[in-house]
Amino acid sequence: MSFDFAGSAAEVRMDIRRLFRREWDRLALAGTWWNGTERGDIARVARRSRSGGSGAPPGTSSVPGAAIEAAGRVGSAPAGIRREWVEGIARDLGFPRYIEIVGITSRLAAVDTFHTGIGAEFEPFPEPEPGEPSHAEEPFARPGAGWVPMVGGASITQALSLVNAESTAQEDMHGPLYLTYEGMAHLDYVGGLSRAQMELVAARTSAINECFY
Amino acid sequence: MLRASAQITTVPFDPRGITDRSVDPLIPKGGILLDFVDAVLSGEEPARQTSRAAVLDELGPTGLVDASGVIANFEMMNRIADATGIPVGQGTLKRTAEWRELVGIDQFNHL
């Protein structure tokens with residue numbers, strides 16, 4: 001079974017194992033704007049970029065050049081992203097397809113980084129499942145203070161709301177790895193780390209990534 | 001969130017430790033955790049093994065899993081924020097001005 005974390009330095013909680021298996025199921029299936037093969041290829045480009053590679057790995061020819069560029073950039077050098085670049089990618093792909101790439105790529109960064117942390121090998125990518133994207137449009141998304149259309153005000157929890165499935169997957173990841181959106185209000189939370197220790201780790205991660213968030 | 005949690009739990013905390021590794025952040029086991037973040041995000045595997053072993057010794061397996069999870073989550077959230085242009089609100093900028101100067105994060109040029 002996937003995500004058995006063989007050889008890791010610590011036992012991984014079942015909620016994290018289930019989370020990552022669900023994420024791999026999502027990756028293999030058709031999404032909202034990309035099919036399963038395309039989603040897998042986007043993930044391969046992102047993983048390659050994070051390990052210092054560039055461009056499309058062999059066999060990942062299912063997606064257009066702008067998608068390869070977006071997956072590589074979000075995967076490896078997000079701090080350098082600017083509005084003009086996002087708008088250029090969106091002119092080629094449309095905002096919904098770009099948002100789905102951001103979702104796939106950012107969650108892959110979480111999955112792979114977790115493996116690095118506990119000392120486990122990266123999980124091989126799943127085989128894509130057949131099926132077509134749903135093309136489900138989000139009627140309430142509007143341009144606003146962010147660089148992409150969102151539902152409601154521009155905030156980190158609404159950032160992917162143009163593609164509802166990606167926003168849901170982001171929230172699903174947030175709880176087991178850190179805290180649920182509601183749980184973030186519990187400033188005296190203590191788990192494996194105290195809340196202050198968790199926030200120190202979060203702050204250092206964001207500082208290395210040069211991200212104010 | 002770090003400032004708020006430290007205040008509520010009355011944990012001593014020096015925010016300069018977030019960006020200046022010569023400063024002790026004062027949070028218990030904080031130096032070990034900062035070393036771990038640096039090793040996971042920027043280090044080579046031998047450094048990671050050393051740092052991972054230190055976290056295991058001082059904070060146990062649950063501490064290692066939780067620390068890895070927090071780094072993983074913020075790798076995701078940082079990418080989403082950067083890639084979608086989430087603005088920092090004026091209220092947040094005003095409220096955190098002194099802290100940002102102390103930590104030195106105003107140098108991030110996409111605020």
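The values are calculated or read from the model by the stated rules, or taken from the named source; none is laboratory data. Just so you know, these numbers come straight off a predicted model, no measurement behind them. A quick note on method: Cβ atoms are made from the backbone with ideal geometry, for glycine too, and the neighbour counts reach across all protein chains shown. These area figures cover heavy atoms from the full protein model, side chains too; ligands, DNA and RNA do not enter into them. Shrake-Rupley method; radii C 1.70, N 1.55, O 1.52, S 1.80 Å.
Considering only residues of the range A:76-94 that are within 8 Å of chain B (Cβ to nearest Cβ) and either crowded, with 22+ Cβ neighbours inside 10 Å or in contact with a helix residue (DSSP H, G or I) (Cβ under 7 Å, 6 or more places away or on another chain) (or both), which is modelled with the highest pLDDT? Show your work before the answer.
Of the residues in the range A:76-94, the ones within 8 Å of chain B (Cβ to nearest Cβ) are A:78-79, A:81-83, A:86.
Of the ones still in play, those that are also either crowded, with 22+ Cβ neighbours inside 10 Å or in contact with a helix residue (DSSP H, G or I) (Cβ under 7 Å, 6 or more places away or on another chain) (or both) are A:78-79, A:81, A:86.
On the way: A:P78: 93, A:A79: 93, A:I81: 95, A:V86: 98.
Among those residues, the one meeting the criterion is A:V86.
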Worksheet, complete the sentence: Result of the Cβ filter at 6 Å on the range A:95-119, keeping first residues that are more than 7 Å from chain B (Cβ to nearest Cβ) and on the phi > 0 side of the Ramachandran plot and partners that are open to solvent by 10 Å² or more (accessible area, probe 1.4 Å) and among the polar types (S, T, N, Q), at least 6 apart or interchain, is none
Discussion item. Is it the case, given these coordinates, that B:D24 is surrounded by fewer than 17 Cβ atoms within 10 Å (Cβ to Cβ), outside any helix (DSSP H, G or I), touching a residue at least 12 places away in the same chain (Cβ under 8 Å) and among the acidic types (D, E)?
Written reply: no
Fill in: Failed condition for A:R48, given (1) closer than 22 Å to B:G85 by Cα; (2) open to solvent by 60 Å² or more (accessible area, probe 1.4 Å)
(1)
Practice prompt. For the range B:48-68, indicate whether the set of residues that are at the interface with another protein chain (Cβ under 8 Å from one of its Cβ atoms), part of a helix (DSSP H, G or I) and closer than 25 Å to A:L162 by Cα is non-empty.
Written response: no
Fill in: Only listed residue being in contact (Cβ under 8 Å) with a residue 12 or more places away in the chain and either in contact with a helix residue (DSSP H, G or I) (Cβ under 7 Å, 6 or more places away or on another chain) or open to solvent by 30 Å² or more (accessible area, probe 1.4 Å) (or both), chosen from B:V65, B:V55
B:V55
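Here's the yes/no breakdown for (1) in a helix (DSSP H, G or I); (2) outside the structural domain of A:I89 (by TED's automatic domain parsing); (3) surrounded by fewer than 16 Cβ atoms within 10 Å (Cβ to Cβ):
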site: A:P124; (1), (2), (3): no, no, yes
site: A:G153; (1), (2), (3): no, yes, yes
site: A:L160; (1), (2), (3): no, yes, no
site: A:A169; (1), (2), (3): yes, yes, no
site: A:D188; (1), (2), (3): no, yes, yes
site: A:E199; (1), (2), (3): yes, yes, no
site: A:T205; (1), (2), (3): yes, yes, no
site: A:C211; (1), (2), (3): no, yes, no
Discussion item. For the condition in contact (Cβ under 8 Å) with a residue 60 or more places away in the chain and either within 10 Å of chain A (Cβ to nearest Cβ) or surrounded by fewer than 19 Cβ atoms within 10 Å (Cβ to Cβ) (or both), what is the one hit in B:I18, B:I71?
Written reply: B:I18
Worksheet item: Consider A:H135 against the criteria (1) part of a loop (DSSP other than H, G, I, E, B); (2) more than 7 Å from every other protein chain (Cβ to nearest Cβ); (3) buried (at least 24 other Cβ atoms within 10 Å of the Cβ): it satisfies all of them except one. Which criterion is unmet?
Response: (3)
Discussion item. Any residue in the range A:189-204 that is more than 7 Å from chain B (Cβ to nearest Cβ) sitting within a Cβ distance under 9 Å of a residue that is of a type in the set (D, E, K, R) and open to solvent by less than 10 Å² (accessible area, probe 1.4 Å)? List the pairs, counting only those 6 or more apart or interchain.
Written reply: A:Y189/A:R195
Item to complete: Restricting attention to the range B:36-47, report how many residues are loosely packed, with under 15 Cβ neighbours inside 10 Å and not in a helix (DSSP H, G or I).
Response: 1
Worksheet item: Within the group A:L179, A:L193, A:L162, which residue is over 13 Å from B:V70 (Cα atoms) and hydrophobic (A, V, I, L, M, F, W, C)?
Response: A:L162
